[in-house]
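Down below is the structure, laid out as structure tokens.
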Amino acid sequence: MKYDPHKSGAQYLEDLATSYWYASALFTALDSGLFNVLQKNNVLSAEDAAAKLGWQPGPTARFLKLLKEMGLVDVYAGKWYNTGLTTDHLVDGAPQDQRANIRWRRDLRGEWDTLPDVLAAGTRTLFPPDDVCEADMHARRVEYLKAMDAVIDGKIAEMLPMFTRALPENAAVLDVGCGSGKFAMSVLAACPGATADLMDIRQMTPITRAFADAWPEAAASHAQTVDQNILERPWQVSRQYDLIILSNIVHATAEAESASVLEEATAHLAPDGILLVHDFFLEHDPVKSRLSDINMMVNTYNGRAYSAKWTADTLKAAGCGASAFVPLSTDTGVLFACQKADRLKDLALDPAAQLIPKIKALGFADAIPFKADDVVFSPFARNKCQYGCQSAYEKTCISNRDMSYDETQAMVGDYRRGLLLCSEPPTGDFQRRCLAAEAEAFKSGFYKAFVFWAGPCSICKTCDPKTPCANPAHHRPSMEGCGIDVYATVNQVGETLHPLRRRGETVKYYGLLLLD
């Protein structure tokens, strides 16, 4: 959920205040067993579902209608059934079961209620009772690992193709703070000749072994646990590793401790080894990463969210070359480091995804991937420049008319994808950022990079429209001046843009950065 100044501010605030309604509805449906009841019976009327759950028919029907709008159930001819979303994630035997994750989030509500106390005290204030027994702590650790496995399941599948092809056949793998060992076990499944050391504190490794026993013998037989508090250096391991995994580890501790863990990890890399750091970084999904940062504040002693830049700089200080940050399709991202920077070329990383955080660092609010086919053209757009712009005939961008409507269509049609650049005035600053974004894309290997910006060209202090442009190296066409319907185009990628209704409203600027 992110504030959009071109939508109702009051509605946004109400949506924030009522966001717990969504979670409460999900928790109630899950905890009641409603989804399993529907799954086991295939389809049910509201009355039959109510009878099986001990609910009243009328309220049950109303609740089902809410869940339908949330995408969790559907109805046909008066019979209710689970949607694919629910079948995939929220029932017994679901292929990507998220129930442990959701229940863990539900149980964190108590910790979040301590946020005022934490802000006043400057540290976590809610701790397990002094008399908690080891059996209860063990059970809580198991539930935590189940939740984290649910979270990371799809993320691992997205990351594996990035690095497995770069590993030697008999790769040695170290999973640091491994938890259940799911990440390392997934690597072993993809690389049958590899072996793995699963490192965690001594209270956790018995649970790790129990989880590993449920994996196929071919993978489990290639793994062993290592009792190690990762904050205590040096780590007691006897070999160097072709792959070291730090997944959701860096955020768990304070800056000095996290830097120490990163430095120690690099010391155990083989000469051609690869270090993988997966976490929720501040550059990606800023609202969620900041919420995760506060979650660390109320739930850990000194954990926090870090930027990918800080992580990369720390690794470079330890003597490693680091890749650009790669956002995943979820709320986390990954970066890689190697002692030999050239090894990074062996990884299968999407250059466009790596470009996004670099462009956002230039000052753009966002850089959204889009398909060139999504650009909408309309002849009326050029008229807005000629007849509706205060700078008409005062700047060369108007009198020289940039590219024609047909030329623009032909040029954009020669591209496959690009980025929609989101920013705000002043116009000159925005256009300079657009030029910097184009240069960054070019340096990143997109040799066809070309940007369309917004508004009359404001690069030079003075402009003589009666002569050719005096600064063509730094001039680019505006979208509207070339026949691109800006409103329709930005709507294609989910952005909201409307004509300004009153003075003082937030002005949005967009640029189109074509890549390849």
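If I filter segment 336-343 for residues that are in the same structural domain as ILE249 (by TED's automatic domain parsing) and under 19 Å from the mean Cα position of the chain (by Cα), do I get at least one hit? The answer is yes, given that some residue of segment 336-343 is in the same structural domain as ILE249 (by TED's automatic domain parsing) and under 19 Å from the mean Cα position of the chain (by Cα). Every listed requirement among (1) surrounded by 18 or more Cβ atoms within 10 Å (Cβ to Cβ); (2) in contact with a strand residue (DSSP E or B) (Cβ under 9 Å, 6 or more places away or on another chain); (3) modelled with pLDDT of 95 or more is met by LYS316 save one, (1). Is it the case that GLU283 is over 22 Å from ASP342 (Cβ atoms), at pLDDT below 95 and within 17 Å of the chain's Cα centre (by Cα)? Yes. Between GLN240, GLN224, GLN228, the distinction of being closer than 30 Å to ARG124 by Cβ, over 28 Å from the mean Cα position of the chain (by Cα) and of a type outside the set (Val, Ile, Thr) belongs to GLN228 only. Taking the conditions exactly as written (more than 26 Å from TYR241 (Cβ to Cβ), at pLDDT below 95 and in contact with a Ser or Thr (Cβ under 9 Å, 6 or more places away or on another chain)), does ALA324 satisfy them or not? Considered against the rule, which asks whether it is more than 26 Å from TYR241 (Cβ to Cβ), at pLDDT below 95 and in contact with a Ser or Thr (Cβ under 9 Å, 6 or more places away or on another chain), ALA324 comes out as no. Does at least one position in segment 123-130 carry a residue that is under 28 Å from ALA267 (Cα atoms), within 30 Å of the chain's Cα centre (by Cα) and hydrophobic (A, V, I, L, M, F, W, C)? No: segment 123-130 contains no residue that is under 28 Å from ALA267 (Cα atoms), within 30 Å of the chain's Cα centre (by Cα) and hydrophobic (A, V, I, L, M, F, W, C). Restricting segment 267-311 to residues that are in contact with a Gly (Cβ under 7 Å, 6 or more places away or on another chain) and buried (at least 20 other Cβ atoms within 10 Å of the Cβ) leaves a set whose member that is nearest to THR123 (Cα to Cα) is PHE281. Counting only strands (runs of 3 or more DSSP E) that sit wholly inside segment 397-516, not one has at least 1 residues that are in contact with a Gly (Cβ under 9 Å, 6 or more places away or on another chain), among the hydroxyl-bearing types (Ser, Thr, Tyr) and more than 25 Å from ASP373 (Cβ to Cβ).
Remark: pairs (first residue in segment 153-170, farther than 14 Å from ALA196 by Cβ and without any contact (Cβ under 8 Å) to a residue 60 or more places away in the chain; second residue loosely packed, with under 14 Cβ neighbours inside 10 Å and small (Gly, Ala, Ser); Cβ separation under 7 Å; 6+ apart in sequence or on different chains) = GLU169/GLY193. Scanning segment 196-211 for residues that are touching a strand residue (DSSP E or B) at 6+ places or on another chain (Cβ under 6 Å) and in contact (Cβ under 8 Å) with a residue 24 or more places away in the chain, we see that the one that is surrounded by the fewest Cβ atoms within 10 Å (Cβ to Cβ) is ARG202. Just to verify a result, which residue in segment 118-151, among those that are in a helix (DSSP H, G or I) and in contact with a Ser or Thr (Cβ under 7 Å, 6 or more places away or on another chain), is modelled with the highest pLDDT? In this case the residue turns out to be VAL118. Based on this model, can you work out whether LYS384 counts as within 22 Å of PHE450 (Cα to Cα), modelled with pLDDT under 90, part of a helix (DSSP H, G or I) and not hydroxyl-bearing (Ser, Thr, Tyr)? Answer is no for this residue.
Meeting the requirement of 1 or more residues that are aromatic (Phe, Trp, Tyr), surrounded by 14 or more Cβ atoms within 10 Å (Cβ to Cβ) and not assigned by TED's automatic domain parsing to the domain that holds GLU143, the helices (runs of 4 or more DSSP H) wholly within segment 57-117 are 57-69, 99-107, 109-112.
Here MET1 meets the list (1) aliphatic (A, V, I, L, M); (2) in contact with a Phe, Trp or Tyr (Cβ under 9 Å, 6 or more places away or on another chain); (3) modelled with pLDDT of 95 or more almost entirely, failing just condition (3). Condition check: under 13 Å from LEU419 (Cα atoms), modelled with pLDDT of 90 or more, within 34 Å of the chain's Cα centre (by Cα) and in the same structural domain as GLY418 (by TED's automatic domain parsing). Does TYR510 satisfy that? It is true that TYR510 is under 13 Å from LEU419 (Cα atoms), modelled with pLDDT of 90 or more, within 34 Å of the chain's Cα centre (by Cα) and in the same structural domain as GLY418 (by TED's automatic domain parsing). The set of residues in segment 95-148 that are without any contact (Cβ under 8 Å) to a residue 40 or more places away in the chain and among the hydrophobic types (A, V, I, L, M, F, W, C) comprises LEU119, ALA120, ALA121, PHE127, VAL132, CYS133, ALA135, ALA139. Does PRO477 satisfy the condition of being more than 26 Å from MET1 (Cα to Cα), at pLDDT below 85 and not hydrophobic (A, V, I, L, M, F, W, C)? So PRO477 fails the test. Would you call LEU30 in contact with a helix residue (DSSP H, G or I) (Cβ under 7 Å, 6 or more places away or on another chain), outside any loop (DSSP other than H, G, I, E, B) and aliphatic (A, V, I, L, M)? Spelling it out, LEU30 is indeed in contact with a helix residue (DSSP H, G or I) (Cβ under 7 Å, 6 or more places away or on another chain), outside any loop (DSSP other than H, G, I, E, B) and aliphatic (A, V, I, L, M). Every listed requirement among (1) farther than 30 Å from ILE152 by Cα; (2) surrounded by 12 or more Cβ atoms within 10 Å (Cβ to Cβ) is met by SER32 save one, (1).
The values are calculated or read from the model by the stated rules, or taken from the named source; none is laboratory data. The structure presented is a predicted model; accordingly, all values stated were derived computationally and were not measured. FYI the Cβ positions are ideal-geometry reconstructions off the backbone, even for glycines, and counts take in every protein chain you see.
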